[in-house]
Every structure is written in structure tokens, then in C-alpha cells.
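One structure is given here, and the rest of the page talks about it.
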Number of protein chains: 4
Amino acid sequence: MTTAPDAPGVEPDLSVGMVGYAFMGAAHSQAWRTAPRFFDLPLRPRMTAVAGRDEARVKAAAARLGWDSTETSWQSLIERDDIDLVDVCTPGDTHAEIVIAALEAGKHVLCEKPMANTVDEAEAMTRAAEKAALSGVRSMVGFTYRRVPAIALARRLVADGRIGTLHHVRAQYLQDWIVDPEAPLSWRLDKDKAGSGALGDIGAHIIDLAQFITGESISRVSGRLCTIVDERPLPSEHSGLSGKAGTGTGKVTVDDAAMFLAELTGGALGVFEATRFANGRKNAIRIEVNGSRGSLAFDFEDMNLLHFFDGTEDAGTAGFRRIMVTEEQHPYVGAWWPPGHIIGYEHSFIHQAVDLVRDIAAGTDPTPSFADGLQVQRVLAAVETSSDTDSWQEIPT
Amino acid sequence: MTTAPDAPGVEPDLSVGMVGYAFMGAAHSQAWRTAPRFFDLPLRPRMTAVAGRDEARVKAAAARLGWDSTETSWQSLIERDDIDLVDVCTPGDTHAEIVIAALEAGKHVLCEKPMANTVDEAEAMTRAAEKAALSGVRSMVGFTYRRVPAIALARRLVADGRIGTLHHVRAQYLQDWIVDPEAPLSWRLDKDKAGSGALGDIGAHIIDLAQFITGESISRVSGRLCTIVDERPLPSEHSGLSGKAGTGTGKVTVDDAAMFLAELTGGALGVFEATRFANGRKNAIRIEVNGSRGSLAFDFEDMNLLHFFDGTEDAGTAGFRRIMVTEEQHPYVGAWWPPGHIIGYEHSFIHQAVDLVRDIAAGTDPTPSFADGLQVQRVLAAVETSSDTDSWQEIPT
Amino acid sequence: MTTAPDAPGVEPDLSVGMVGYAFMGAAHSQAWRTAPRFFDLPLRPRMTAVAGRDEARVKAAAARLGWDSTETSWQSLIERDDIDLVDVCTPGDTHAEIVIAALEAGKHVLCEKPMANTVDEAEAMTRAAEKAALSGVRSMVGFTYRRVPAIALARRLVADGRIGTLHHVRAQYLQDWIVDPEAPLSWRLDKDKAGSGALGDIGAHIIDLAQFITGESISRVSGRLCTIVDERPLPSEHSGLSGKAGTGTGKVTVDDAAMFLAELTGGALGVFEATRFANGRKNAIRIEVNGSRGSLAFDFEDMNLLHFFDGTEDAGTAGFRRIMVTEEQHPYVGAWWPPGHIIGYEHSFIHQAVDLVRDIAAGTDPTPSFADGLQVQRVLAAVETSSDTDSWQEIPT
Amino acid sequence: MTTAPDAPGVEPDLSVGMVGYAFMGAAHSQAWRTAPRFFDLPLRPRMTAVAGRDEARVKAAAARLGWDSTETSWQSLIERDDIDLVDVCTPGDTHAEIVIAALEAGKHVLCEKPMANTVDEAEAMTRAAEKAALSGVRSMVGFTYRRVPAIALARRLVADGRIGTLHHVRAQYLQDWIVDPEAPLSWRLDKDKAGSGALGDIGAHIIDLAQFITGESISRVSGRLCTIVDERPLPSEHSGLSGKAGTGTGKVTVDDAAMFLAELTGGALGVFEATRFANGRKNAIRIEVNGSRGSLAFDFEDMNLLHFFDGTEDAGTAGFRRIMVTEEQHPYVGAWWPPGHIIGYEHSFIHQAVDLVRDIAAGTDPTPSFADGLQVQRVLAAVETSSDTDSWQEIPT
């Protein structure tokens, strides 16, 4: 018998401290744990500490999710010398304060999306990130869907000119988890905590994806927000999505659904829609891009597929190709299983961790940057203003 | 041997005169010829005469399409006593004049969509239709897609309450026939003839379908039109879609693509898009409806299918049902083939002829009426004004 | 007004006499009526006479389907001088007698599949056809699915070498119309009339398709037939598929389902299955072909699509292409509608009529020939023998 | 700061020793590591030791996959007192020896499929397992696909009677990884090591799945094996699937493709096919079940979906339901992500670990048992004999 050291001893550690441990915390934990097992990393992530206000709950989370220690405030986490990177998985109203403090303490930061609840906050965070970057501190916003292999392949095909000049983007993020008017309130339906509803929570993703895939930015929008069910039962206890209804009702203060038209910097037209009321659609992130040379289509419910129409092919045999994005030529896929053995939702978090670790080791700035996150925040704000004022709104650059 | 009279002699004739004989003329001819062979009709359509300006061409068309006689002007067709119904298949700029004259001459009218090139024309036509109706003269607008069995089934399910309260409509009509900038000009790209581009030609269909399926009307819109390629080669000769390019170029004076947000009378949100630049999409009429109890989805490229999500089912076995709309319980289908033997594009024209003949015989007003067509025209006009003025526009009722 | 002669007077007539007027008779009638309206034909089909035993019923059928006259026996139809072609749409037990008589009378023959109820009959018919061919009399077996554009495209791609060396064929014909044990008996379940059940009725189609697409023949088989429900209610009256149950029961004397393994002449492996008990599958003719360079897949429930995998493409962008077979480059399609406007079940009958008329005019032998039909019959017989004897059976050549 | 013990201290450990560390070893490692993070387990798996012959390679594997120590022989692994469970991930020719030794040493055993290379071996293993079970030692065969949630749901629906009486099973396992004749030899193509080719490697999975879902056993088979490319380049070095070709060629001694007909104990018909030559199909495990009340269809390339046709529904709205198997009501899914957030290939290995740990803690016998694995082995052997002798073969019970 020979003892195998957990790491072969070559790579230095990257010590991670995570704030928050709910849905996103579970996904991030799985990412930090799994990344070094499938990818060659220049730094070895250590799951050093997790922070949360309730001591009993944070301890239970640490045990379940596999963190070495706990803190009962994010401040004490940031103060620790043995933390290199702060991973922020809390609701949006807390992001600015935590992130700025972490950056000022010289910690690398991974911040869940949406980056902030207001443009002002996002601007302050971006300034802090740019200042910290001067000292080699790195920061990244968690638009994980960029790291779905099919999405990364879509970006590659556009960048390679396979789509030609962009004409159209149509993107939808369709869910149905509150279509039942008796589904209880949660923090995600509270503007003070969540900042925004369907628009900020899921619309942010398709804005980022559309801009990432096309390499263009949204420049003008005309939008409409809507709260379909504006009063709901209070939850029976302090519970999340799956909470049972208790007594009394409360106001929904965010949008249930959002839609907007867009113009992109290169002149293309965009149509966007985000809703939590699309009955039967569970997590349908659908994005279609049409250009002068070809088209792409993606649906997250089949996230291992990318549909590609090559308009330069002979019309007799042209057709949308159903590309199963599980070949070793595809982004990220070589580390996983043989062709046809698909991956799932959490794998894009693993890819995010891999890219961030490599950027930190290489001393390069990760993407999406805080500036990227700020630009998405500006689009969200413009859509909201547009809806309030029945007008088209420009996105400041 | 016994001679079989073409008709058993019971049903009186309904003598049809058609104006125009291009793409739509071919589809309508097939409808008049085929309808009595598969459906029991109270009147037997006669393909009495077809009218066109060029004598040689109209004669050739009559021979090919199976019309008994020809006229070289629509006026002489209307003057004929042996014509009961005038079927108008010409470009939109001619509809008002022909239709009003026909109605005044006491002929029933079937008018291809879009009903007219302006709201004013459509209003005049509607007044003429309403006046003629007092004398038992019937009129119908040719929104044929209503008669696709899957669409008619969608309408039935909504009417039966299977979708519940409507939350969302998203509808797209995607084509790519002019994505090549070298595709030559045709009358469909000329505002004087066609009135409108993608919006009026194909957007009109999805407006009608969305309103038909949901039973609600569009009340407000914010839209954007766009001419992606505004100069094109002139056609080598007076040819249509498949024309070769000749020498010189000309201006495209209609929109290539249109998109708009909408509010419906019941409060639901709508997102609409019509384009001729969606590379790889040939005739993709896609419509999805989400309500409090369920959802429906349709794509014309698979026109014999309707996807239905029943939100009242147990979550463990709920899922979009792929309904193959070829059962005898389904609208129109009983007249055709056994289950699983699909029908095609022209069949909805046949169903349109069947319904119109039955209405004429029964003395009931057909749908979609001219008033329905006028309302679609008003939505189209509102989208155009909205795009010109960067504003939301109300649809007058 | 100018009278337009039904035909411009150039093409000579081809006078058709049809025997039988049920399901197949309706499809053939629609074919003869429609073919000259969309295709340029060197001969103009005339729907001269239809024959059936019951005078009242055949007269009604003639009126509904559009035949000029009637006969109450196939013999009197064949005796008529004004009939050029006999179109045989009766149950299989009558084929041999009618077809041989027609050929001996110098009539061209179109014979519905399966060609005969026994190999002996099929051999006699083939001999008669070969003898008649010496005098310029043409004959064809009605394997219409060959004329579905997607199938014809599949054949073209194989012939062009796009699939390379053939490795696998898997073909299924799945229906469910008698999965209910209370569905009543019909002539299709009676061995004396139908000759065979699922095997001969629908299995014959996939045998023909597999051989047509691959260009290879089945050389050996091991099969199993099965009668799942062997006793059924008698029909209430002399009705067909949609018959109501009456009193009493009767024996099902044909197979309900059949499956067999096959070896093809080139060494490829084949797996075939035909059943009327695949709950939820209405007319699913599914065929998939795998070769060294690529693969093809087809499902009749989406009959306007062909899926093509080009194995020579770069693995990073390779994928099954969903070819919408509605382009003018595709077989038969140029005569129909613009791209994306699909066709239906009866169109392959129209294409069959077109090809047959052109062959007759050109003096060339149509395919599938009676020899082709005989070969399919031999495969059917071998599968039956194999099932009876638990052995592999060779197909004689 | 509070140190969080890796486990809260309640559950006892289950110490695992794994033999082999290639493809399956990586999947099993991920399972042992992840299972306790998402599922509540009565025992906490410890990744105690991994064994392999080459010391340097096994150490590298241990570091990468996260095992605490290494052994250079399976014998020394089994001898260790601190190992509770032996997880066998080696090629099939070694299974019998390792497994029997482990069982005799009182270790629980998880044995990858196919269980053995011969029926004799499988029988010996089963006897050993049954003997060991008397002392509370548990054993399980790694047919992981049973633990795909959609498959487990399929089993549940059949068990609940939703399919009624079974009529048909058709199952295919289609891959294409050696369709290129220049793909080099690997141990999987060597009968001495692998025992069997496509039949044993992937055909075994669909045999197990068909029997698991239906609850019936295969009783008779008629099959055909085939080696399409029987000579291949030798690999350039001792590499696996992705190996480069070196110099010289060697014989392929296993089948490339296999197909067989089957009868099931309840009288249903089965059609099975396994191949590595289905160009464009990467890991297409397709299984369809038809019964008197409904049907099910599954394709592993879309492994989070189950298609269910409920034949008891009204024909007007019946259709295959596309069930997205990501609801908390579905098997295994509650531990993962919200609805619509799919899981991937390795998750069924995690579920397998969960079920095995729970069975060990509960003192119940896991499934699939070695007796189940032996029965699959008997079907494989019968197919092979059938192919060799051109006969139907019974499966002994």
C-alpha cells in the first residue's frame, strides 16, 4: 500500500471562500470539487471556507457540500489570509458590498449574475475591479451558460465567419415555475432583494448569450415588463422555490415576464423574451441567430445539441445539422466522456471554474468581466425605463 | 357501359370566376377542382372562367389549371351572368377595385390576403361587403392557414378552455428566399404593388393566426421594420420568385423584416416576427401560446403536428404531446386519408373552398370576414406607424 | 369570353380504366385528375371508366371520384376498346386474374401492391408482363413510397456514393389501427382475400424501399410472424377499416406483426419490422441506412424530411442534416409549391402516375416492374417459411 | 472560523477499493465522490484505494481521480482490512477471478458489465455471490443505464400498468467509433480480453434495459453477428479508444455488429441491434415499448426525455408526450437541480452508488444482481450460438 497524496504536489493551491450556499452554492461547490478531477489545472482549488449568517445552517451546508470550515459573516471570510478567491453566491442586493470589499482586500472574485441590482452598483463594482486588476486581482461574472459546449461552439462558428453578416437574433428564456397563482412568494419575487424578476434573473442570461455569440452589443431597446400575478401567498417558512404556502398574502414587486425588441451595433434586429409563465417550458433557453451565410439554433432543454445551417451548401442537400456537441474537437468536451455521452447543467459551472483558475494562474483577465456585466445591467435598466416610458432607449457605451 | 354524369345531378352549381393565375391561382384552382371529390358539398363548384390581361398567357393558364373559359379583363369576368363567385388572386394593389365591383355586381367574393394595401381601401371594401351582405352576397378573406387542421384544433382547444387564461403568444413567420442579396427584384418587393413586404405578406398571416387561435385581438403594438438589402438586380424578364437577374438594379421599397411587441385585449403579451432573411427557414410559421392551464405550439414546416401541454396533468407524466392531427376526430381530416397519412400545403385551400361553399349554401357569413381582414390591416398599419415614430400605437376598434 | 378547351389539343389521350374504388381507388383517382395540372405530360390521362360489382355503389363512386363511366365487371372494362391502361386497385386475391387478362388484351397495367397473394401468381403475372412488353405493353407495381421526394432523394444520395459501402439497413412500418382487440374483422385480416397481414400489406413496402434506396437485394432472412389477437368481432355490415363491430366473432387468419433479420447481396445487415400493434404510431415508415461514408434516416410521419449524416465532414461540425425536401432541386418537387410548403400522402400517387405516363409515351419500361414485385413477393414468402420452420431462408434470384 | 468536519460524524464509513482506472474507473470515481454531496446516505463512501499493475500509472490515476492510496495488484487490495467494497472496473476477462476472490474475502462487490466473458464464469460468480449473501455480503452488476431517471420512470410506468399487455420491444444501441477502417485495434476488439464485441459490450445494455423496463425475460432468440472490418492497424502504443495507428495490422476477433429477434416470456416480440458502425450515431441507446394501453420511447442521446403515448386518452388529443424527466416526482431527480436543468452521463453512476450504499446499509440485496447478470450472459451466449448455427436458441432459466 502506498499513500497517494491528494495532489501530486506540483500545483500550488487556490483557496476558495464561498458566500451563500443555496442553489448556486451547491452548483459552485460541485464545480470546485470536480474541476481538478477532469481538467489539468495550474492551481488546485481548495474548498477552504463557506460563509452564512446562521451558524447551524452554514455548518450543515459545509458538511453536505464539502467545505473545510465556516464563517458566520462574509466580512470574517474576507479577512482571512488563507482565502485567495471569494465566490459570491448570495442574492443580488448584497453583491456590491461584498464584492467591493473582497476586491479591496486583494481577493479574486467570482460574482454570480445578475451582477448587481442597479447600474450604479454595477458601475462601482466595475471601478473596483478595474482598480484591483492593476494589482493582479481578477474578477469574473457568472454567466455560466457561455461555458455550455454548444454555446461556445456557436461563438466559434460566428467568429469563424460561418454565419456571415448577422441579420437576426431571437432569444427566449422560458420557465413556468410560478404559473400557478398559488405558488408562494420567495426572495426572487421581492424587488428589494432580487432587484428584478424574470428580466434580471433569466433575461440577463439571454442578453449575455446573444451578445457573446454574435460578438455584437445591443444598442437600443423597446420593452415591456409585466407582473401577471401580483399577489401571492406568503411562504409557510423561510423557504425557497419549493416552499409551501403559509397564511396571508404579499405583493410581488418584480416582473413575471419581460419582452423587448432590440437593435444591435451591427444593425441586426433582436427579439427577446423572458418569462416564468410559459406553461410546460422548464428551462428553455432558446436562441437562434440568422446571418447572410448561415444560421444557428440552440435550446438548453437539449443543451448538448447545436443546430447549424450552412447556407453555402448545395440547396439539394442543405439542412440544419443536428450537431451533437460531444466530440473532442468541441470546446471543453475533451475532458469528459466519449462522443454521445452527454453532460448536464452543472458542467458549465465546472468549465467556469476551470477558465477562471487558468486565467488567475496566467495573469490574464477572465471573461465575462465586470465591464461585461455592467453592460448587461445597462441593457436591463434600459428595458425597464423603456417599459415605464413607452419609448425606445439607447444603451450608453 | 354506363355513362356516369360528372355530378349525380342533385347539387346546383356554384360557378367560379378567378382573377389572376400565378402561385395563388394555382393553389385556388386545385382547391376548386378537388373539394367536391373529398367533401360532400351542397353546391358543386364549376371552374367557369379565369381572367388575365395577356390573352396567350391566360389561355395557357386556363388549359393548365383547368378553367373552362378565359377573359382578358376582370371587368368582363364580373359582367358575366354565369359567374356566381369571384375569386381574387391578384397583387394587393388591385384588390379594392375588383372586389368592390364584384360585390356591387352581386357576386360572392373570395379575396386573397392581404386584403388591401391600405386601411382606407380595406374600410371601403368592408363597407361594400356589409352592404352586399344585406342582399345575401358573401365575402371571405383568404387567411388559409386557419384551415390547417392543427391550427383549427388549436383554436378548438383554446375555445374549450384547455389553455386557461392566456399569458403569452409568440409567433414567427420565417423565410429565407431573398437572403441572397443577388436575388432580383419582384413585384413583392415593390411597395406600389405589394403594399408591404415581410410585414404585410407573411406577418399578416401570424397576426390573423394569433388572433384566431386565442380569440383575442391585438390592442397595442411597438414595432420595427427594416429593409436589409435595399437595392437589388432587376429581373431579366417579367418573372416572379424564381426570376433570374438581368441588367441594372432597382430599389426595394418594402420591408425585408418586421418585428413587434403586442398587448392583447385580455392582457396577454405578444411577440411577433416576420422575415425573409432567416437563413435555412423556408416557411416556418411558428406559433406558441401559453396560458394558465396549458400551452400549444405549432410549426408549419411540420404542419400535421400540434404540440399540446396540459398543465393540469400530474407533473410526473406531464409533457408536450405531439398530436399527429390526422385522426377523424380532427377538423377537416375525416375527409382525407387514414391516420398518419399526412396532408400538405394546398389542403388548407381546399378546406377554405369547402367552408365557403357551405356558407354560401347555408346563407351564413363566412369567416374570416372582410371586417376581420380590416382589423388585421389596422394592426399592420399600426406597426408601420409605430416603427416610423418610435412609439407604441393603439389599434382602433 | 373565349372557351378554353380542357386540353390545348397537343397531347394525345391516355384512357384509364380503374378496377376497385375504395381507399386505393380514391388515391389513384386523385392522381389521374391532378397529374396533368402540375406536370407537363406527353399524354393526357382520361378518367374513362371505373369497374365494380355493385352497380349502385360503383355509380356513386364514379360520380364522387370523377370517372366518366362505369362497368360492373372488370372483364367488361378490359373488353372496351377505349381503355388504354387498366389500373388495378382491388384486394390481392384478384390481382393475378385481372392483370393477366388485361395484359393479354394489350392494356398497360398499373397493379397495386402487394402484387399477388402467392409467389406462383406473381410469377405468372411477371411472365405475362414480359410477354406483353414485347408488344410495347407496359406494367408497373404500385410501390408508391418510392415516389416520396425524400425517398427519391435518399436513393439519389446512395447512388451518388454519399453513403459509401452499405453496412446497415433498419426499417420499420409501425401502425396501431387494430391494437384495440375490439376492432372488428375486415378483409385485410382474412388470408383468403389479403394473402398476408402486416407482413404483406405494410412489410412489403419497407422491403421494397430498403432495396430501392440501397440498390441491393435481400438474399437471406430469418423471420417471425405473430397473430396477437386471433379472434375479433365481425363487422356490423360490409365495412372497411372504420367498420363498427356487429354480432359474433371470427378468426383473424393473417399475421398482426412480423419481424425479420436479413442479409443483403452486398453483405450488409438488415432488420425489418412491420406491425399494426405499435400503439401511438399511425403510419410510421422508418428507414435508416448506415454506410462507410454516411447515413440516412427517414420517417413517413415527417415525409417531407430526409436526415443525412455526411461522415466526410469535419467532426467538429458534422451532424445529421434535417433536409426539408421541398427545394426545386429535389425529385418531383419543382412542380409543386415554394420551399417549405410541404406535400402530403397522395402526392406520391401523383408522381407515380406522372412517371408511368412518361414511360408509356417514351416506350420505356416503368419501375418498379413486375419482376421487382415478384422479388418482393419471394422475400415475403421466405419470411413466412422461415417463421414456419424456425430457419434461415435464401431468396431465389 | 470553525473547522467543518468533512462528515458531520453521524454516518459510518463505507471504504471502497477500486480495481482499474480507465474510462469506467473515472466514471465510478466521480460517482463515489459526488454521491454523498447530493444524496442523504446512511454510510459515507471513502475512496480508500485504487489498484493497477503499473505503479507510476496507478499513482497518477489516484492523484487525478482522488483515491487515498494505491495497490499494484488486485490481490493486495482485497487483502486489506480497511476495504469494505471492491469496485471492479477492469476488462471482462479478469472479472470472475477478482470478484470471486473479493466475495470470499467478505467484500461487497460492484462488478462492471458485462459480468463475465463466458456463461461458465458468470455461473461461478453467481454461486459465489449467493454463498456470500448468506453472510450479508452484497453484490451488484453495473448496468448503470437502469439508473437514468427516464429509464427508471419507464419501468415505473410499465409496473403501474400504463402500457398494458406488452406487444413489442425494439431496442438499438448504435455507435460509430470504429466505422473508419483505419481506426486501430484496442482491447475491446480482442476476444480474449473483451469476450465479445458490439454484442457483449453494448448489446448487453439493451438486453438488460429491455428486460428491466418490461419486467419480462427473453426466452428465445435468432441472431446474427458480423465482423465488418476484420483487420485493423495495430495501435502506436498501448492506448485505448483514441489511440493512433502504429505499424502493422492485427485481427479483429470480436463482432462489430449484432442483431437478433427475440420472444419474451409473456409472448411479446423483440428486435435488437447493437453496432459500432452506425455512422453519425454516437451513443444512441434507443428503446421503444408498445403495449395494449400505451407506448414508451427513449433515446440516450436525449437521456433526460421519455416519450409516453397513453392509448387510453381521447384520440383527438392523444399524442406522444415529451416528458422532461427533471421533476422532483421523477426517480433520483429530487436530489439534483430545478426542473429543466438536465443531468448527464455520469449521473447514472452516481445513482448506482447511492442505491448500492443504501442496500448495503439496509441489508437488502441490490439489483441488478449477479443472477440478473448471468441471465443476460445466457442471452448473449444464445445469440452467439444462434448466429453460429443458423437456428433459434432457447434461454435456459
* Within the range C:365-381, how many residues turn out to be farther than 20 Å from residue C:27 by Cα, open to solvent by 10 Å² or more (accessible area, probe 1.4 Å) and not aliphatic (A, V, I, L, M)? -> 6
* To do: Could you grab the pairs with beta carbons closer than 7 Å, sequence gap of 6+ or different chains, first residue in the range A:200-227 and within 13 Å of another protein chain (Cβ to nearest Cβ), second one assigned to a helix (DSSP H, G or I) and aromatic (Phe, Trp, Tyr)?
  => A:205/A:145
* Asked: Which members of the range D:115-161 meet the condition of being of a type in the set (D, E, K, R) and in contact with a helix residue (DSSP H, G or I) (Cβ under 7 Å, 6 or more places away or on another chain)?
  -> D:121, D:123, D:138, D:146, D:147, D:155
* Test: residue D:36 is touching a Lys or Arg at 6+ places or on another chain (Cβ under 7 Å) and either within 18 Å of residue D:110 (Cα to Cα) or outside any strand (DSSP E or B) (or both) -> yes
* Selection count, the range C:50-72, where residues are within 23 Å of residue C:84 (Cβ to Cβ), in a helix (DSSP H, G or I) and more than 8 Å from chain B (Cβ to nearest Cβ) -> 2
* **Residue that is farthest from residue B:131 (Cα to Cα), among those in the range B:365-397 that are of a type in the set (Asp, Glu) and assigned to a helix (DSSP H, G or I)** => B:388
* Structure fact -> Condition set more than 23 Å from the chain's Cα centre (by Cα) and buried (at least 21 other Cβ atoms within 10 Å of the Cβ), scope the range A:264-275, selection nearest to the other protein chains (Cβ to nearest Cβ): answer is A:269
* Asked: Is the range B:344-355 home to any residue that is more than 10 Å from chain C (Cβ to nearest Cβ), of a type in the set (Phe, Trp, Tyr) and open to solvent by 10 Å² or more (accessible area, probe 1.4 Å)?
  -> no
* Asked: Considering only the range A:294-330, how many residues are touching a strand residue (DSSP E or B) at 6+ places or on another chain (Cβ under 6 Å), more than 7 Å from every other protein chain (Cβ to nearest Cβ) and hydroxyl-bearing (Ser, Thr, Tyr)?
  -> 0
* State whether the residues of the range B:383-396 include one that is more than 14 Å from chain C (Cβ to nearest Cβ), surrounded by 24 or more Cβ atoms within 10 Å (Cβ to Cβ) and either aromatic (Phe, Trp, Tyr) or in contact (Cβ under 8 Å) with a residue 40 or more places away in the chain (or both). => yes
* Quick check, is residue C:294 open to solvent by less than 10 Å² (accessible area, probe 1.4 Å) and without any contact (Cβ under 8 Å) to a residue 60 or more places away in the chain? -> no
* **Matching entry among B:74, B:177 (being touching a residue at least 24 places away in the same chain (Cβ under 8 Å), outside the structural domain of residue B:21 (by TED's automatic domain parsing) and aromatic (Phe, Trp, Tyr))** => B:177
* To do: From the list D:93, D:84, D:54, pick out the single residue that is at pLDDT below 95 and open to solvent by 40 Å² or more (accessible area, probe 1.4 Å).
  => D:93
* Asked: Only one residue in A:220, A:147, A:138 is over 21 Å from residue A:282 (Cβ atoms) and touching a His at 6+ places or on another chain (Cβ under 6 Å), so which one is that?
  -> A:138
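Each row is one residue, and each column tells you yes or no for (1) touching a Lys or Arg at 6+ places or on another chain (Cβ under 7 Å); (2) at pLDDT 95 or above.
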| site | (1), (2) |
| --- | --- |
| C:237 | no, no |
| C:241 | no, no |
| C:259 | yes, yes |
| C:264 | no, yes |
| C:268 | no, yes |
| C:276 | no, yes |
| C:279 | no, yes |
| C:284 | no, yes |
* Asked: Is it the case that some residue within the range A:215-222 is in contact with a Ser or Thr (Cβ under 6 Å, 6 or more places away or on another chain), of a type in the set (Gly, Ala, Ser) and open to solvent by 10 Å² or more (accessible area, probe 1.4 Å)?
  -> yes
* To do: Identify the single condition in (1) touching a Ser or Thr at 6+ places or on another chain (Cβ under 7 Å); (2) of a type in the set (A, V, I, L, M, F, W, C); (3) surrounded by fewer than 23 Cβ atoms within 10 Å (Cβ to Cβ) that residue C:362 does not satisfy, given that it satisfies every other one.
  => (1)
* Selection count where residues are assigned to a loop (DSSP other than H, G, I, E, B), in contact (Cβ under 8 Å) with a residue 60 or more places away in the chain, more than 17 Å from residue B:342 (Cα to Cα) and in the same structural domain as residue C:150 (by TED's automatic domain parsing), scope the range C:323-364 -> 3
* Structure fact -> If we keep only residues of the range A:35-50 that are in contact (Cβ under 8 Å) with a residue 40 or more places away in the chain and in contact with an Asp or Glu (Cβ under 8 Å, 6 or more places away or on another chain), then the residue surrounded by the most Cβ atoms within 10 Å (Cβ to Cβ) is A:45
* **Given (1) within 14 Å of chain A (Cβ to nearest Cβ); (2) of a type in the set (D, E, K, R); (3) surrounded by fewer than 22 Cβ atoms within 10 Å (Cβ to Cβ), index of the condition residue B:170 fails** => (3)
* **Failed criterion for residue B:106 (all others in (1) open to solvent by less than 30 Å² (accessible area, probe 1.4 Å); (2) of a type outside the set (Lys, Arg); (3) not in a strand (DSSP E or B) hold)** => (1)
* Using the structure shown, decide if residue C:163 is outside the structural domain of residue C:95 (by TED's automatic domain parsing), more than 24 Å from residue B:326 (Cβ to Cβ), at pLDDT 95 or above and touching a Lys or Arg at 6+ places or on another chain (Cβ under 9 Å). => yes
* Answer yes or no: is there a residue in the range D:276-289 that is within 14 Å of chain A (Cβ to nearest Cβ), among the basic types (Lys, Arg) and part of a strand (DSSP E or B). => yes
* Asked: If we keep just the residues of the range A:173-199 that are more than 14 Å from chain B (Cβ to nearest Cβ) and out of contact with any helix residue (DSSP H, G or I) (no Cβ under 8 Å at 6 or more places or on another chain), which is least open to solvent (accessible area, probe 1.4 Å)?
  -> A:189
* State yes or no: is residue C:136 crowded, with 20+ Cβ neighbours inside 10 Å and on the phi > 0 side of the Ramachandran plot? => no
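The values are calculated or read from the model by the stated rules, or taken from the named source; none is laboratory data. Since the structure is predicted, the reported quantities are computational estimates derived from the model, not experimental observations. Methodologically, a virtual Cβ is constructed for each residue, glycine included, from the backbone with ideal geometry; neighbour enumeration extends over all protein chains shown. Side chains included, ligands, DNA and RNA excluded: accessible areas come from the protein's heavy atoms. Shrake-Rupley method; radii C 1.70, N 1.55, O 1.52, S 1.80 Å.
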